[in-house]
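Report on the structure given below.
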Amino acid sequence: MLVLPTPGGELTTWSPTGPRPPEPPSAPPASRIAYAAAHVVADALADEPYAVDWDATLTFREHLWASGLGVADAMDTAQRGMGLDWATTRELVTRTGAAANGRPWVAGVGTDQLADGPATVASIVDAWREQLDLVGGAGAVPVVMASRALAAAASGPGDYHAAYGKLLSGAGGPVLLHWLGEQFDPALAGYWGHDDVRAAARELGALCAEHAGTVAGVKVSVLDAAVETEFRRALPAGVRCYTGDDFHYPELIAGDEHGHSEALLGIFDPIAPVAGAALARLDDGDRAGFAALLDPTVPLAREIFHAPTRHYKTGVVFLAYLNGHQDHFRMIAGQESARTITHLATLLRLADDAGVLADPDLAVARMRPLLLAAGVA
C-alpha cells in the first residue's frame, strides 16, 4: 500500500487491484497494421545529458515485437526535437535496423540536422533525403515527419506542395507521411498552410492524391476523431490512414462500415501487451473482446497526453520504469521533470485500472523513492 498525492493536494492510500496484463498473442495481428512508437532509455550514469543506454533501448524494442506489435522508431516518442540529436538518431536507426531481422518497423525521417535559422525549400528537401537514405538503407519503411524548418519557411500551401512534391517524386519507394498537430509540437502550428484543421486535412489529402503511387499511408496525430475519420474516408485507394490519436484510438482502430484506421501510437509503448492482445481479439473477429481490453486504457492515455501534450514522453518513460523495462526514471535532457508528482501518482492508479502493471509489487517499490523525494512520506 502507498500513500499518494492527488491533483487536489490531498493524500490518499492506494494498493493495486487491477487486472494483470494478458499473455502476448502467439502471432502478430493480421487484421490491422499496428506500430508502437518507441521511447529511448537514457544512460543515467553518463556525464552528458544526451547519452542513450543502447542495451536497454534495444531490449525494449524486443519487448514491443514480442507483444505482437511493430516498432516505430526515431519519432517524437523517442524525443526527436526534445533531446535526441541527429547523430544519436543515426545510431538509433542503424542499431534498430540490425536488430529487426525482418520484423516490422518504420522510422522517422526529419530535418533536424539543419542548423538553427532560416532554411530554404531546397535545403529542407535535401535534409529529408539524407535521412530517407539512412532509414531506407537500414530496412525500415520511412515516415516523413512534419518539419519545423518547413513550418517556419513556408508562406502558404504552395510551399508545402513544392517541398513534399520534390521529395516524393524521387523517393524511390513507398513512404508514410506524418501530420503532427500543434498539440504535440507548437512549432508546427499552421502546417500544410492552414490554421483550420479541416482545411489542412483537405490540403494533405490533395497531396496524397497527387502522389498516391508513393504515399502508402498517413499518420494523423491531431486528437480529433471526427477530422481523422473524414480524412480517412477521403484518401485515395491504396493510401492507408494510421491513427496517432492517443485519445480515441479504440474507436478509430475498430472502424465502421466505411473502413478503419491502422495504428501508429505513442500510447502503445506503455500498454504494449494489452494492445497486442486486444488486436489479436480483433483479428479473431471479437470486437467486444477488443474493446474490453483496450477501452480501459483510454483514461490512462488521456492523462499521459494531457496538455501540454508534448510532455507525454515523461509518462511513457515513467511506466517503463514501473514495469521494469529500465532501472531508473531518467530521460534525455532531464525531461523526467516535465510532469508533477501528482500526475505520476494518477498514472500509477490508472495503469493499475487498465491492467498494464506487469508486477504491482515492483511498481510499488519503484514508486516509493519518487514519493519520498517529493516529500510524501
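State all residues of region 328-368 that are outside any helix (DSSP H, G or I) and open to solvent by 20 Å² or more (accessible area, probe 1.4 Å); if no residue qualifies, say none.
Of everything in region 328-368, those that are outside any helix (DSSP H, G or I) and open to solvent by 20 Å² or more (accessible area, probe 1.4 Å) turn out to be His328, Arg330, Arg339, Thr340, Ala358, Asp359.
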Subject >> Matching residues in region 118-142 - criterion: being of a type in the set (Gly, Ala, Ser) and in a loop (DSSP other than H, G, I, E, B) >> reply: Ala119, Ala138, Gly139, Ala140
Original post:
Somewhere in region 64-79, is a residue surrounded by fewer than 20 Cβ atoms within 10 Å (Cβ to Cβ) and over 21 Å from Leu282 (Cβ atoms)?
Top reply: no
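So if I check each of Asp133, Asp116, which one is out of contact with any helix residue (DSSP H, G or I) (no Cβ under 9 Å at 6 or more places or on another chain), closer than 18 Å to Leu176 by Cα and not β-branched (Val, Ile, Thr)?
On the way: Asp116 fails: closer than 18 Å to Leu176 by Cα.
None of the other options fit; the residue is Asp133.
Which ones in region 256-285 are open to solvent by less than 20 Å² (accessible area, probe 1.4 Å) and among the small types (Gly, Ala, Ser)?
Residues satisfying the conditions are Ser261, Ala263, Gly266, Ala272, Ala275, Gly276, Ala277, Ala278.
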Subject >> Single unsatisfied condition, Thr314 versus (1) open to solvent by 10 Å² or more (accessible area, probe 1.4 Å); (2) at pLDDT 95 or above; (3) not small (Gly, Ala, Ser) >> reply: (1)
Original post:
Can you tell me which of Thr13, Thr17 is part of a strand (DSSP E or B) and among the polar types (S, T, N, Q)?
Top reply: Thr13
Original post:
Out of all the residues in region 113-136, which are farther than 19 Å from Leu84 by Cβ and either among the hydrophobic types (A, V, I, L, M, F, W, C) or touching a Gly at 6+ places or on another chain (Cβ under 8 Å) (or both)?
Top reply: Ala119, Val121, Ala122, Ile124, Val125, Arg129, Gly136
**OP:** Of all residues in region 169-185, count the ones that are open to solvent by 10 Å² or more (accessible area, probe 1.4 Å) and touching a Ser or Thr at 6+ places or on another chain (Cβ under 6 Å).
**Re:** 4
Original post:
Among the listed residues Arg302, Arg310, which satisfies the condition of being touching a residue at least 60 places away in the same chain (Cβ under 8 Å), under 23 Å from Asp185 (Cα atoms), part of a helix (DSSP H, G or I) and under 20 Å from the mean Cα position of the chain (by Cα)?
Top reply: Arg310
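From the list Lys166, Lys219, which residue is touching a residue at least 40 places away in the same chain (Cβ under 8 Å), surrounded by 16 or more Cβ atoms within 10 Å (Cβ to Cβ) and assigned to a helix (DSSP H, G or I)? Reasoning before the result, please.
On the way: Lys219 fails: assigned to a helix (DSSP H, G or I).
It is Lys166.
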Subject >> Some residue of region 186-207 being in a loop (DSSP other than H, G, I, E, B) and either surrounded by 19 or more Cβ atoms within 10 Å (Cβ to Cβ) or in contact with a Ser or Thr (Cβ under 9 Å, 6 or more places away or on another chain) (or both) >> reply: no
Original post:
Going by the structure shown, is Pro236 closer than 22 Å to Gly81 by Cβ, touching a residue at least 12 places away in the same chain (Cβ under 8 Å), open to solvent by 30 Å² or more (accessible area, probe 1.4 Å) and touching a helix residue (DSSP H, G or I) at 6+ places or on another chain (Cβ under 8 Å)?
Top reply: no
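The values are calculated or read from the model by the stated rules, or taken from the named source; none is laboratory data. Remember, predicted model here, so these are calculated numbers, not experimental data. Heads up, the Cβs are rebuilt from the backbone with ideal geometry, glycines too, and the neighbour counts pull from every protein chain shown. Surface accessibility is based on the protein's heavy atoms, side chains included, excluding ligands, DNA and RNA. Shrake-Rupley method; radii C 1.70, N 1.55, O 1.52, S 1.80 Å.
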